[in-house]
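See below for the structure under consideration.
The numbers here are math on the coordinates, done by the rules we state, and not lab data. All values derive from a computational prediction rather than experimental measurement. Backbone-built Cβ (ideal geometry, glycine too); neighbour counts: all protein chains shown.
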Amino acid sequence: MAPLIGIVRHRLATDGQGVTTLVAFHGCPLRCKYCLNKQCHSPKGIVRTITPQELVDELAIDNLYFLATGGGVCFGGGEPLLYSEFISKFCALKVPEWKVTLETSLNVARHHLERVLPHIDQYYIDIKDINPVIYHDYTECDNLQMLDNLRWLLGHDGLADRIIVRLPLIPEYNTLQDRDHSKELLAEMGVVHFDEFEYTI
Ligand code: SF4
């Protein structure tokens, strides 16, 4: 059983290839100042709980769209990796052709990542800023675990091509120079795909 803050069908070109259904989990270890999904922190934000089999059955309504467009499911939140067990059970039950995308901050214990690794087709990693002081000011957490997990992922052959790192310009927290610096360091680590954008507050 996993608690959700929402399921959104028929997303196109926002969460990976093809038509996707976004499944957003409740709960997140970070406390980002401009969090767009604040309901993931409040018990009142849970709209429903669901089992892996129920989710497979519910998503199957869009099976033809997924197969025709190369789409599938995107797990977001909140922090989906807190539900790694649920995700791996879902993946064992789903139609094999459905693609699985993960939108994560990577700021979780390694075993969660190890558990889902065989199932994930594409990763969107929300890095915030690589500077630990900026990261802490913005999220109230440190970024050592996130960086360690990112290095571990990049150490797998061919995985860098399936990772898109999101690099935001965060008003009042970082500057263009900070973001360029993050990009430089991440490129040195082996990141090849970036999504640079600005938070609007
Ligand atoms: S990682 Fe995402 S869900 Fe979690 S606090 Fe930050 S913006 Fe909100």
Could you list, by residue number, the cysteines of the chain that have no other cysteine's beta carbon within less than 4.7 Å of their beta carbon?
-> Cys28, Cys40, Cys74, Cys91, Cys141
With a 10 Å Cβ neighbour count serving as the proxy for reagent exposure, in which order, fewest first, do Tyr199, Tyr124, Tyr138 appear?
-> Tyr199, Tyr124, Tyr138
Output the relative contact order of the chain, whole-number percent, from Cα pairs under 8 angstrom with separation of 6+ residues.
-> 18
Which ordering of Leu93, Leu59 is given by a fewest-first count of other beta-carbon atoms within 10 Å?
-> Leu93, Leu59
Which ordering of Ser88, Ser182 is given by a fewest-first count of other beta-carbon atoms within 10 Å?
-> Ser88, Ser182
Of all DSSP beta bridges located in the range 2-198, what percent are antiparallel, nearest 5?
-> 30
Working from Cα positions, state the angle (0 to 90°, nearest 10) between the long axis of helix 84-93 and the longest principal axis of the chain.
-> 40
Expressed as an acute angle from 0 to 90° and rounded to the nearest 10, what is the orientation of the C-alpha long axis of helix 144-154 relative to the principal long axis of the chain?
-> 60
With a ≥ b ≥ c taken as the square roots of the eigenvalues of the C-alpha gyration tensor of the range 1-81, please select rounded if a/c is under 1.5 and otherwise prolate if a/b is larger than b/c or oblate if it is not?
-> oblate
Point-charge dipole on Cβ atoms (K/R +1, D/E -1) for the range 2-198, about Cα centre, debye to 20 | 580
Within the chain, what is the number of lysine pairs with alpha carbons under 17 Å apart, leaving out pairs fewer than eight places apart on the same chain?
-> 4
Dividing the helical contributions, -39500 (n - 2.57) per DSSP H run of n ≥ 4, by the residues of the chain yields a 222 nm value, nearest 500 deg cm²/dmol, of -9000 deg cm²/dmol
Which translational diffusion coefficient, to the nearest whole µm²/s, is obtained for the range 2-198 from the Stokes-Einstein equation, given a Kirkwood hydrodynamic radius over C-alpha pairs, 10 °C and 1.306 mPa s?
-> 93
